[in-house]
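Here's the structure we're looking at; comments come further down.
None of the figures in this text is laboratory data; all of them are computed from the coordinates on show. Keep in mind it's a predicted model, so treat the numbers as computed, not measured. Heads up, the Cβs are rebuilt from the backbone with ideal geometry, glycines too, and the neighbour counts pull from every protein chain shown.
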There are 2 protein chains.
Amino acid sequence: MGPIPKRRLPVMADVAKEAGVSHQTVSRVLNDHPNVRADTRARVEAAITRLGYRRNLVARALVTRRSRTLGVVSFDTTLYGPASTIYGIEQAARTAGYFVSIVSLKSIDAASVRDAIDYLTEQGVDGVVVVAPQHSASQALESLPTGTPAVAVEATHRADIPVVRIDQAEGARMATRHLLGLGHETVWHVSGPAGWLETEGRLQGWREALEAAGRPVPEPLAGDWSPRAGYEAGRSLAAMDGVTAVFAANDQMALGVLRALSEEGVKVPGQISVVGFDDIPESAFFSPPLTTVRQDFDVVGRHCIEMLLRQIDAEPGPAERLIVPPGFVVRSSTASTAAAAG
Amino acid sequence: MGPIPKRRLPVMADVAKEAGVSHQTVSRVLNDHPNVRADTRARVEAAITRLGYRRNLVARALVTRRSRTLGVVSFDTTLYGPASTIYGIEQAARTAGYFVSIVSLKSIDAASVRDAIDYLTEQGVDGVVVVAPQHSASQALESLPTGTPAVAVEATHRADIPVVRIDQAEGARMATRHLLGLGHETVWHVSGPAGWLETEGRLQGWREALEAAGRPVPEPLAGDWSPRAGYEAGRSLAAMDGVTAVFAANDQMALGVLRALSEEGVKVPGQISVVGFDDIPESAFFSPPLTTVRQDFDVVGRHCIEMLLRQIDAEPGPAERLIVPPGFVVRSSTASTAAAAG
DNA sequence: CCGCAAGATGTGGTCGGTCATGTCTCAAGC
DNA sequence: GCTTGAGACATGACCGACCACATCTTGCGG
């Protein structure tokens, strides 16, 4: 036996020859058209397995103008939120028979988002979901050519692009009301970085809940989602007088706050109650286990795909806006002031 | 004005007509060939921007037989390790001008890995990186047609597929030696789930370090990477006598251990020292901050792409095996037994 | 002023599928 | 027996790029 001849992969014509039919019939079998006799179909299928034929989706995409690939633009896929959202997106897309091509940005200016979308468009994606909840990203969507199926997570300025978002303000309200309900006079807030839609939604909900209860609104401490930022905010908080309740804009920062307070000898929830946002898998095991707002990222991802596919398949109707309600998980990082006093 | 005519996107021929040249010249400008006169080039470029032309990469892929897309198969992209690795992969791929198509598996049997690879191959990816460090995945790679550029993270049975991996055993040895060096008689281990290569590497390193020092090797407690599993292991450990040092196979489980010990009133590191593995961003802020083995996932991702591209561009040489050394970060969850005694 | 090589540009075929259309067979209906 | 029509299959054009090769320009030496 000589060396195996380096032959190219079999194509449809090869299968056709092998089965003694035309390439068109092979195509019909592949796309299971009704008008193929059972024995012909069997012969073709046998030829396919015999040759190990795989259809070339690139060629198919060229003529159908459908790549069956969806593009995802995201910011920092290392964070729990984006990672989970993308996971949901990928699962839903694949069960629908779509591929997912991902671009994760390290910088969040409008230009890079635009570039990313261009890049994906050039590749011929059938639609795009943008998971970059910053103003800059939201602006970048404006330059998207009309008619390109797209879905935004959190928000966009464009009225013709559907949006899936979690009700951030409501989550913040739940957190704040919970603390107020425990008897705290007011609630301090460690916010996310500027420019993020989540940051604003959570700030707004927190402020609203405070104002609705006629409580003073302390100056928020700005963080950047990292545990370190939370830690620094925690140290400042510990040094201040009269702080009894803190609402951190995410669980990682809440962890930092917890750490700082523990180092300063401040008891949680004895002296200060802490609430987070996200419900990452770790938060149930913080010291103490964290009371937090639950976000269902999975659900967000699935809805994105649903809405995107609807746009691709159907005629464009009015752009939907889907708002996913957050949940609230009470654990041991919050307590009533009565208990604290006692 | 009537409705805007629904015109298709401009193609090369349109640009050619607009610029008064042939499509071939447009192609030459696009691929910046040398033999085009400067003014012709300028005219073509002007036409391109005027028409808003974007080259159709699908058509290009059909004839060049290069999709400039890389496939990634991964298990649970929600976990910090895979997520970070994929992030590194994506960044490196994009700077090299490649797209990344991701398939994340929810079940880890060989069949699904095989399906995923098939799926990607059909789509015409130029290469595949498999980030599924389980035996099953490793086995699935065996059926990969020879000649398909591929890289495995952690391991594979195939000698012709390059591997990038972090030296798990060495990391475990570092952790164990560190604890032994602090005077602990032996070290308990909370391991990962069966079937994972990391689980085995870490078990092996831990056992080796113990045996090298002539210490007894306790029965490991099996976990599943989750904080909850760590928590349960922690409770068992707290109920046992003579436990002074615990090495958890990842940081999340270490967190669970920490939590359980704290609930049982066991002081860390006063009575028991705990070491983790991964160095997730949170671990520096655990209570107490976690001593752990640092894995450079980013670096792994980058190396994967480097090796994959080398395979795609160059002739296949011998398969490389790259072993990335782990780091070790000492924080406050470990202490010497002397201190504990005192 | 011609020849000729190098440079600039055009022509047609090709990648591997799908789609529209055409041909052929065969049974039902008059 | 002949039309008719539907089912089964084949043929050729086409998607939009790249590539090999042909052709037309140039510039320069003799």
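Let me know the mean shielding of B:284-297 by other chains, meaning the per-residue number of their Cβ atoms within 10 Å of its Cβ.
If you average over the peptide's residues, the count of other-chain Cβ atoms is 3.
What ³J(HN,Hα) values, in whole Hz, does the Karplus curve 6.51 cos²θ - 1.76 cosθ + 1.60 give for segment A:213-226 when θ = phi - 60°, with x put for Gly and Pro?
Taking θ as phi minus 60°, the curve returns 8, x, 9, x, 10, x, 5, x, 9, 7, x, 9, 6, 7 Hz for segment A:213-226.
Which loop-located trypsin sites (Lys or Arg not before Pro) does segment B:80-180 contain, where loop means any DSSP state but H, G, I, E or B and the Cβ has at most 16 other Cβ atoms within 10 Å?
B:Lys106
For peptide B:227-234, compute the average count of partner chain beta-carbon atoms within 10 Å of each residue's beta-carbon.
Per-residue shielding by partner chains comes out at 2.
Consider all pairwise Cα distances in chain A and report the whole-number % of them above 37 Å.
Summing the P(r) tail past 37 Å for chain A gives 37 percent.
Reachable aspartates and glutamates from B:Lys267, Cα under 19 Å, same-chain residues fewer than 8 places away excluded?
Excluding near neighbours in sequence, the set is A:Glu263, A:Glu264, B:Glu185, B:Glu232, B:Asp241, B:Asp251.
Modelling each spin label as a point 7 Å along the Cα-to-Cβ direction, I'd like the B:Ala46/A:Ala46 distance in nm, to one decimal.
Result for the modelled spin labels: 6.4 nm.
Just how far, in whole angstrom, is segment A:144-192 from segment B:211-229 if you go by their alpha carbon centroids?
Taking the Cα centre of segment A:144-192 as reference, the centre of segment B:211-229 is 43 Å away.
Take each of the peptides A:135-144, B:84-93, average the number of other beta-carbon atoms within 10 Å over its residues, and list them starting from the highest.
B:84-93, A:135-144
Straight-line reach only, C-alpha to C-alpha below 12 angstrom: list the aspartates and glutamates that A:Lys106 could link to, leaving out same-chain residues fewer than 8 apart.
Reachable aspartates and glutamates: A:Asp76, B:Glu90.
B:Arg60: net charge of surrounding residues, Cβ under 9 Å, Lys/Arg +1, Asp/Glu -1, itself excluded?
Net charge around B:Arg60: +3.
Taking θ as phi - 60°, what are the ³J(HN,Hα) couplings along segment B:68-73 by the Karplus curve (6.51, -1.76, 1.60), each to the nearest whole Hz, with x for Gly and Pro?
Those phi angles translate into 6, 10, 10, x, 10, 10 Hz.
How high is the relative contact order of segment A:74-140? Use alpha-carbon pairs under 8 Å, at least six apart in sequence, and give a whole percent.
Over segment A:74-140, the number comes to 37 percent.
If the convex hull of the alpha-carbon atoms of segment B:12-55 is projected onto planes in all directions, what is the mean projected area in square nanometres?
2.5 nm²
Give the calculated FRET efficiency between B:Ile312 and B:Glu264 to the nearest 0.05, with a Förster radius of 35 Å applied to their Cβ-Cβ distance.
The value I calculate is 0.05.
Can you tell me which of B:Gly71, B:Gly124, B:Gly147 moves the most in a GNM of chain B? Springs connect C-alpha atoms under 10 Å apart.
Residue with maximal mean-square fluctuation among B:Gly71, B:Gly124, B:Gly147: B:Gly147.
Round to the nearest 10 and give me the degree value, 0 to 90, for the angle of helix B:38-51's Cα axis relative to the longest principal axis of chain B.
70 degrees
State the antiparallel share, in %, of DSSP beta bridges confined to segment A:190-342, rounding to the nearest 5.
25 percent
What length, rounded to one decimal in nm, is gained on full extension from A:Thr95 through to A:Arg235, with 0.36 nm per residue of separation minus their alpha-carbon distance?
Gain in length upon complete extension: 45.7 nm.
Going by the alpha-carbon gyration tensor, a ≥ b ≥ c the square roots of its eigenvalues, is segment A:186-259 rounded (a/c under 1.5) or, if a/c is not under 1.5, prolate (a/b greater than b/c) versus oblate?
In terms of gyration-tensor shape, oblate.
Taking beta carbons within 10 Å but only from partner chains, what does the mean come to for residues A:50-61?
Across A:50-61, the average partner-chain Cβ count within 10 Å equals 4.
Subtract the Cα-Cα distance of B:Ser336 and B:Leu30 from 0.36 nm times their separation in residues, and report this length gain in nm to one decimal.
Separation in residues times 0.36 nm, less the Cα-Cα distance, equals 103.6 nm.
Go ahead and set up a Gaussian network model of chain B, Cα springs under 10 Å, then flag whichever of B:Ala213, B:Ala83, B:Ala150 fluctuates most.
It is B:Ala213.
Note down the nm distance, to one decimal, between modelled labels 7 Å out along Cα→Cβ at B:Ala111 and at B:Leu9.
In this crude spin-label approximation the distance works out to 3.8 nm.
Counting DSSP beta bridges in chain B, what percent are antiparallel, to the nearest 5?
DSSP beta bridges in chain B are roughly 10 percent antiparallel.
Share of antiparallel DSSP beta bridges in the protein assembly as shown, in percent to the nearest 5?
In the protein assembly as shown, DSSP labels about 10 percent of beta bridges as antiparallel.
Under the definition of Cα pairs under 8 Å and six or more residues apart, what whole-number percent is the relative contact order of segment B:12-55?
44 percent
So which residue, out of A:Ala155, A:Ala42, A:Ala212, gets the largest mean-square fluctuation from a GNM of chain A using Cα contacts under 10 Å as springs?
A:Ala42
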